[in-house]
Amino acid sequence: MNETALQATPFGELTVATADDIRKRVRDAGVVGAGGAGFPTHVKLQAQVEIFLVNAAECEPMLKVDQQLMPRQAARLVRGLLYGMQATGAAEGIIALKEKYHAAIGALTPLLPPQLRLHILPDVYPAGDEVITIWQATGRRVAPAALPVSVGVVVNNVQTVLNIARAVEQHYPVTRRTLTVNGAVRQPLTVTVPLGMSLREVLALAGGATVDDAGYINGGPMMGALLTSLDTPVTKTTGGLLVLPKSHPLIQRRMQDDRTVLSIARTVCEQCRLCTDLCPRHLLGHELSPHLLVRAMNYQSIATPQTVLSALTCSECNVCESVACPVGISPMRVNRLLKNELRQHGARYQGPLRDADEMARYRLIPVKRLISKLALSEWYQDAPFTELRTEPTQVQLPLRQHIGAAAVPCVQPGETVLRGQQIATIPDGALGAPVHASIDGTVASITEQTITLVRG
Ligand code: SF4
Ligand code: SF4
C-alpha cells in the first residue's frame, strides 16, 4: 500500500502514511502546540511513548473553543490522534475531557476504536495543566522539571491534533485559529479567523466592548496576559480575547508593576502557607512551595539555593494569586521574577518526586467556585461557535509564533502570495516552525519580527 492510500474506517478515510511522513507533513504545515507556548509538533512526534494523550480539558473558565470543536470535528480528532499514535509508537490513545462536554462525549464515543478511550475529568482547575491531566488520566506522575515523555506520555491539545490530521491528509498548513471572545462584549462568540488578523478586528466580530473603559486579556482569566494593544495579531497560540472593565480585579492585578508586587509580598505575607496547600504542583508531590519562595524573596539570607531553584517548576497556573492568598500577594509573579533571573544564569532544577498529598484530588478548584472567586459571575456566559466570513484586508504574521528560532522569510516585498503558501522557513538545524500566508495577497513589508500581507 503506498503512503497516500486511504483506509475506510467508521471515523472517515484514514490516510496511510509512515511515521516519518507524518512528522514531515506536520513540520511542513507549521503545526505547533496550540494550547500553550507553541512547541513545534513535529519535534514532539519524534518521541516514542506508550500513551498519546489529547488534553481536551479546556479549564480556563471563559474559553469555549475545544469543547465546541470536538463535536463538530470528532472524526477528524480521532484520525489526528491515530496519526499521532503512529508517529510516536503509542499503543494507547486517550482524550481527556470534562463530563460537562456532553456533545463532545456523545460525538466521540461511537467513533472510538479499541485502542482509544475517553477519560472523564472533574470540572476543576487546573485539570488542563498537562502534569495534572496526565496524573488524572493515567495515574502517572511527572517529576518536577521533567517532561511527560519521562512517564511514557506525549500530550497535545485539541486544535493541535486537528491540525495534525489536516496536515497529514490534505497537506493543509496552519493558517487559521479558532478562539473565544468573551466577557464585556455585545455578542460573545467562538470563531475561526485567519492568523495575523488583529484582535481589534476580532473584537469587532463580537460587536465590540460593552463598557466604556475596557481592559483586555489575551487568553483566559487565569493564565492570560494583559493586552497592551488591540493591534496585536492572532497567532497559532492565541486562545481567546477576554474583555472586562479596566477596574476589574483581573485587569488591575495584571497592571501592577513588579516593584509593587514585590513590595506587597514583602509587607504583608503572614506565612500562612495557603498558597502551598493549594498549589497543584505541590499537591502532586513536587518540592515547589510558594510560601517559601515568597519568604526567600523577602529574607534572601535564609533561603537555600534548592528552594530558590524550585521556582523554575512553577506552571504559572495562578491558583496561588487568584484563589489562595488572602492578603493579595502574587507568589506566581514572585516566581516569574525568580525564574527570569535564574534562566539568565542558565540555572536548572533537579529535585525529588515526593508522595502526592492524600487530599490532592479534593484540593483542585471547582470551576464554579473559581468563577465566583474571580468576580466573573457577571461576565460568565456561553460563547457559541459562529460561522463568519472574515476577510481582513491586512494580516501581520509574526515570524516567531512558537518555541525556538524565528522563521526566515522566503518571499520579497511586493511578491504575490496565495493562502497556504510558505512565506518563512525554519532556519537550518534550528528548532522552529514555518509560517504560511493566511490570505491571498501581496507582501507589503518584512521586518525582523513580522511579515505583513495586504489582500489583493
Ligand atoms: S502559579 Fe502558584 S499555584 Fe500555580 S504552580 Fe506556580 S506556585 Fe503553584
Ligand atoms: S498565601 Fe499569601 S500570605 Fe499566605 S504564605 Fe502564601 S503569599 Fe504569604
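Structure summary
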quantity: Extended-chain gain in nm, criterion 0.36 nm per residue less alpha-carbon gap, Thr386 and Gln306; calculated: 23.9 nm
quantity: For peptides 358-365, 320-327, sequence by mean Cβ density within 10 Å, most packed first; calculated: 320-327, 358-365
quantity: Of the GluC sites (Glu not before Pro) in the stretch 17-120, those whose Cβ has at most 11 other Cβ within 10 Å and which sit in DSSP loop; calculated: Glu99
quantity: Local electrostatic count at Leu342 - Lys and Arg +1, Asp and Glu -1, tallied over other residues with Cβ under 12 Å; calculated: +3
quantity: The stretch 406-451: relative contact order in percent, alpha carbon pairs under 8 Å with at least 6 residues between; calculated: 43 percent
quantity: Local electrostatic count, Leu195, Cβ distance below 12 Å [Lys/Arg +1, Asp/Glu -1]; calculated: +4
quantity: Cα gyration tensor shape of the stretch 51-145, rounded if a/c is under 1.5, else prolate or oblate by comparing a/b with b/c; calculated: oblate
quantity: Label-point separation, Val149 to Arg361 (7 Å along Cα→Cβ), nm; calculated: 3.1 nm
quantity: Linear extension gain, Leu6 paired with Gln252, 0.36 nm per residue minus alpha-carbon span; calculated: 83.2 nm
quantity: Estimated [θ] at 222 nm from DSSP helical runs (n ≥ 4, -39500 (n - 2.57)) normalised by residues in the chain, nearest 500; calculated: -8000 deg cm²/dmol
quantity: Pair Glu99, Val327: separation of 7 Å Cα→Cβ label points (nm); calculated: 3.8 nm
quantity: Relative contact order (percent, whole number), the stretch 259-373, Cα cutoff 8 Å, 6+ residue spacing; calculated: 33 percent
quantity: Evaluated at q = 0.29 Å⁻¹: base-10 log I(q)/I(0), Debye formula over Cα of the stretch 394-455; calculated: -1.23
quantity: The stretch 246-275 residues near the modelled Leu226 label - backbone nitrogen below 14 Å, point 7 Å along Cα→Cβ; calculated: 246-262
quantity: Environment charge of Val367, counting only residues whose C-beta is closer than 11 Å and scoring Lys/Arg +1, Asp/Glu -1; calculated: +2
quantity: D_trans [Stokes-Einstein, Kirkwood Rh over alpha-carbon pairs] for the stretch 230-335, 4 °C, 1.567 mPa s, µm² s⁻¹; calculated: 87 µm²/s
quantity: Charge dipole of the chain about the Cα centre (unit charges at C-beta), most positive-ward option of Val454, Thr175, Ile132; calculated: Ile132
quantity: Sequence ranges 18-25, 78-85, ranked by mean other-Cβ count within 10 angstrom, highest first; calculated: 78-85, 18-25
quantity: Charge dipole (debye, nearest 20) of the stretch 265-321; +1 at Cβ of Lys and Arg, -1 at Cβ of Asp and Glu; calculated: 120 debye
quantity: Pairs of alpha carbons in the chain whose separation is greater than 27 Å (percent); calculated: 56 percent
quantity: Val268 paired with Ala444, simple spin-label distance in nm, labels 7 Å along Cα-to-beta-carbon; calculated: 4.5 nm
quantity: Normalised contact order of the stretch 162-289, rounded percent, pairs of Cα under 8 Å and 6 or more residues apart; calculated: 22 percent
quantity: Cα-centre dipole for the chain with unit charges at Cβ (Lys and Arg positive, Asp and Glu negative), debye to 20; calculated: 420 debye
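Every read-out reported here was derived from the displayed coordinates using simple, explicitly stated rules and does not represent laboratory data. The structure presented is a predicted model; accordingly, all values stated were derived computationally and were not measured. Neighbour counts run over all protein chains shown; Cβ positions are idealised from the backbone, glycine included.
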